[in-house]
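Report on one structure; see the data block that follows.
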Amino acid sequence: MKKPRFAPQLLALLLGTVLGIVVLEAGLRWLGQPRRFRSTRVDETYRVPFHQPAVRRLPMSGSGPRFRVLVVGDSFTWGGGVLVEDSYPRRLERRLWAASLPVRIEVDVLSRPGWGTVTEAAVLAGRWDQLDPDLLVVGYVLNDPLPPSGAEHDRLTEPLRRRRPEPGWMRWLYRRSFLFDLVWDRLENTRQRRAYRDHYELLHSSEHPAWKRTRVAMKAMADLARDDGVPAVLVIFPVFDFERPETYAYADVHQIVRRAAHRAGYRVLDLLPTYRGVEGRRLPVVPFTDAHPNELAHRLAAESIARFLRRERLVPTGAPPAAGEPETRPPPAP
């Protein structure tokens, strides 16, 4: 009787697979830990402490005409992960001040990490008369429709959480095998990217309650400014989770926000084109981990906003700014 030949072939395939896994594991261990991206997060000792008031003003010295810009937003505007002087409102103030003499431009900041558009509108309504701005700038991030807390927040964000293997043999491998760690992380990265895309599309779908509330709040802030004769600008920030700008997954969501903001009465600046040509991992505080803008992203945002405000004649200008104008810090208060 003729013996089957598939058994030796199957055994050879199995041994080859095991040998390949062993070689890959050994190679990864020889190369070291899987690559972790460089963080630019500033130590919290030097960042804006959370207990500071939501309204922040930089004292100005001297006399003469003043022009007050109010910037409203969440942790992007607050300056999460960067020095306060590197945040885009402070950089914007220095750029506008340098180009506006003899008028002194002051930038007030009304922000808090975790705020969304609904909260921003409520806080702004209670402080509008006290702040008395000449120009309103609202920083918008794609998670702004998200409720700040509660069951709805937890339900919407649950798919976004980073997952680890369940306790058992997979958790054991995850902790001990470089190869398994690498494969798991790549698969989880792909799952999270899809989850975030679905999340932002859901938050901005026309019938979603969160987007309805956001549109109402967005219009309330624009109406508040218009009733006082104050122009309103909405600045849309990208989510800094892309490797290259051409791979950015939420451009369609930006278009939805732009349309809603125009209907509400804002002049709109979408910052997504500002970052074209810049490698994505150079822009967040921690690439693919903390998507807050780092110092470079804040600087590019401030430059783009300053150009937009001058081009739209929304702020006083002195002499036209020279190409590559330097950032000039306003004189400190005595």
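The values are calculated or read from the model by the stated rules, or taken from the named source; none is laboratory data. All values reported here derive from a predicted model rather than from experimental measurement. Here the Cβ positions follow ideal geometry from the backbone for every residue, glycine too, while neighbour counts run over all protein chains shown.
Every condition in (1) touching a residue at least 60 places away in the same chain (Cβ under 8 Å); (2) crowded, with 17+ Cβ neighbours inside 10 Å; (3) part of a helix (DSSP H, G or I) is met by residue 233 except one, and the failing one is (3). When 70, 101 are checked against the criterion of being out of contact with any Lys or Arg (no Cβ under 7 Å at 6 or more places or on another chain), closer than 25 Å to residue 228 by Cβ and either modelled with pLDDT of 65 or more or not assigned by TED's automatic domain parsing to the domain that holds residue 175 (or both), a single residue qualifies: 70. Selection of helices (runs of 4 or more DSSP H) fully inside region 100-208 by the criterion of at least 1 residues being within 25 Å of the chain's Cα centre (by Cα) returns 117-131, 151-157, 178-203.
Within region 120-167, being of a type in the set (D, E, K, R), in contact (Cβ under 8 Å) with a residue 40 or more places away in the chain and closer than 28 Å to residue 302 by Cβ holds for 120, 127, 132, 134, 144. Among the conditions (1) over 23 Å from residue 309 (Cβ atoms); (2) loosely packed, with under 13 Cβ neighbours inside 10 Å, the only one that residue 227 does not satisfy is (1).
The lone criterion from (1) touching a Phe, Trp or Tyr at 6+ places or on another chain (Cβ under 6 Å); (2) of a type in the set (Val, Ile, Thr); (3) over 20 Å from residue 215 (Cα atoms) left unmet by residue 109 is number (1).
Do we find a residue being at positive phi and at pLDDT 80 or above anywhere in region 175-192? Looking through region 175-192, none of the residues is at positive phi and at pLDDT 80 or above.
Residues of region 265-288 that are surrounded by fewer than 21 Cβ atoms within 10 Å (Cβ to Cβ) and among the aliphatic types (A, V, I, L, M): 268, 272, 278, 285, 286.
Take the residues of region 124-153 that are loosely packed, with under 13 Cβ neighbours inside 10 Å and of a type in the set (Gly, Ala, Ser): which is farthest from residue 313 (Cα to Cα)? Only one residue tops the list, namely 151.
Being at pLDDT below 95 and among the acidic types (Asp, Glu) holds for only one residue in 290, 270, and it is 290. With the checklist (1) of a type in the set (D, E, K, R); (2) touching a helix residue (DSSP H, G or I) at 6+ places or on another chain (Cβ under 9 Å); (3) at pLDDT 95 or above in hand, flag the one item residue 243 doesn't pass. That leaves (3) as the condition not met. In a helix (DSSP H, G or I), surrounded by fewer than 21 Cβ atoms within 10 Å (Cβ to Cβ) and of a type in the set (A, V, I, L, M), is that true of residue 220? Against the criterion (in a helix (DSSP H, G or I), surrounded by fewer than 21 Cβ atoms within 10 Å (Cβ to Cβ) and of a type in the set (A, V, I, L, M)), residue 220 qualifies.
Filtering region 251-289 to residues that are among the hydroxyl-bearing types (Ser, Thr, Tyr) and in a loop (DSSP other than H, G, I, E, B) leaves 266, 289.
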